[in-house]
Amino acid sequence: MQIFLRNLFYLFSVIYLLNACQQRVENESPPTKTIKSTDPNIMADFEIPYKLNKPNEKFKLPNKLTEISGIQYIEENVFACIQDEAGKIYIFNTKKDEIVEDYHFAKDGDYEDLEIIGNTVYVIRSDGRLYKIDDFPAEKMEVRHRDLPLSIKNDVEGLCYDPQRDQLLIACKAQAGIKEKVKKKKAVYSFSLQNKEFDLTPRFLIDIDELKEFADEKKLDFQPSGIAVHPLSGNIYIIASAGKLLVILNSSGKLLAVKELDEDELKQPEGITFDPDGNLYISNEGRGGKGNILYFKYKKLNE
């Protein structure tokens, strides 16, 4: 009788553990494509520290930001936004649910992203024109621009600041090369803030065929629309609206992860930014409805 009871106890214990494991799997986000690496500085199995299919919060945007193309975290509940039609920087407060300020800096154009460093704002246009706005925010701001060697053939979409190298990173949606085509690659160029020089050699060249190895779709499309540097890890996060992918590189350009995005939540991801604690924010264009900003809480690895 004692043996029977002991075996019965073991049976119920196994059933309980199986149910618990199944429940845990159901609550977790879909598995992320991971990349094995022999580099000792990279985790053997890189885990994306966000549940990208389950945003923690959604913030609807007003009609003026339906065509939102870039965002920058300023402080809690406050974001600087830019849209691809007007030469204005909009300050949106998620708590007040409204645009609290807007600043005109240039005539209408196809503006794609922005970055704020101290009281200086940089804005990139799709044809490679880089704007520098000093004394921001103020009624009278000094606005200058510089035409980089990039062009509409490159179709610039992303801009961010890399504090480790004191340079701007510039992601191209279309052609990778400047004077000649580079097939099956996507480029991220750099602009040194110390030397005020644009590097004609891409900081990163992303191999499309390499991405295909870690995505379910054989005919993969990857056209970067936003870029940001993680404030804690220093890794480079690149989103693509066309292709619905998140690609993560380390600071040396090593591919860490490729994540296929949920099309229901991220219909047209165009902007990406982080707060100092590592929380992630992605903006979506409206696509026939309201644009929005999605908040994803940062989860520390190995927790």
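Read-outs: derived from the displayed coordinates by stated rules, not from any lab. Please read these numbers as outputs of a predicted model, since none were measured by experiment. Ideal geometry is used to build each Cβ from the backbone, glycine not excepted, and the neighbour counts take in all protein chains shown.
Based on the Kirkwood radius over alpha-carbon pairs, what value in µm²/s does the Stokes-Einstein equation return for the translational diffusion coefficient of the stretch 127-286 at 25 °C and 0.890 mPa s? It would help to have the intermediate numbers written out before the result.
Details: Rh = 16.4 Å.
Result for D is 150 µm²/s.
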Output wanted: per-residue J couplings in Hz (rounded whole) for the stretch 293-299, from phi through Karplus 6.51 cos²θ - 1.76 cosθ + 1.60, θ = phi - 60°, x for Gly and Pro. 10, 9, 10, 10, 6, 6, 10
From the phi of every residue in the stretch 50-64, what ³J(HN,Hα) in whole Hz does the Karplus formula 6.51 cos²θ - 1.76 cosθ + 1.60 yield, where θ is phi - 60° and glycine or proline is x? 9, 8, 6, 8, 9, x, 6, 7, 10, 10, 6, 9, x, 4, 4
Near LYS254, which aspartates and glutamates are there with a Cα under 18 Å away, not counting those fewer than 8 places off in the same chain? ASP39, ASP45, GLU47, ASP162, ASP207, ASP209, GLU210, GLU213
Quick one: which residues, 5+ away or cross-chain, put their amide H under 5 Å from the amide H of LEU256? H built at 1.01 Å from N. ILE248, LEU249, ASN250
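Take peptides 109-119, 87-97, 53-63 and line them up by average Cβ neighbours within 10 Å, highest first, as a rough protection proxy. Could the numbers behind the result be given before it?
Numbers: 109-119: 19.4, 87-97: 17.3, 53-63: 15.2.
The packing order, highest mean first, is 109-119, 87-97, 53-63.
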Treat the count of other C-beta atoms within 10 Å as a stand-in for reagent exposure and order VAL247, VAL182, VAL229 from fewest to most. VAL182, VAL229, VAL247
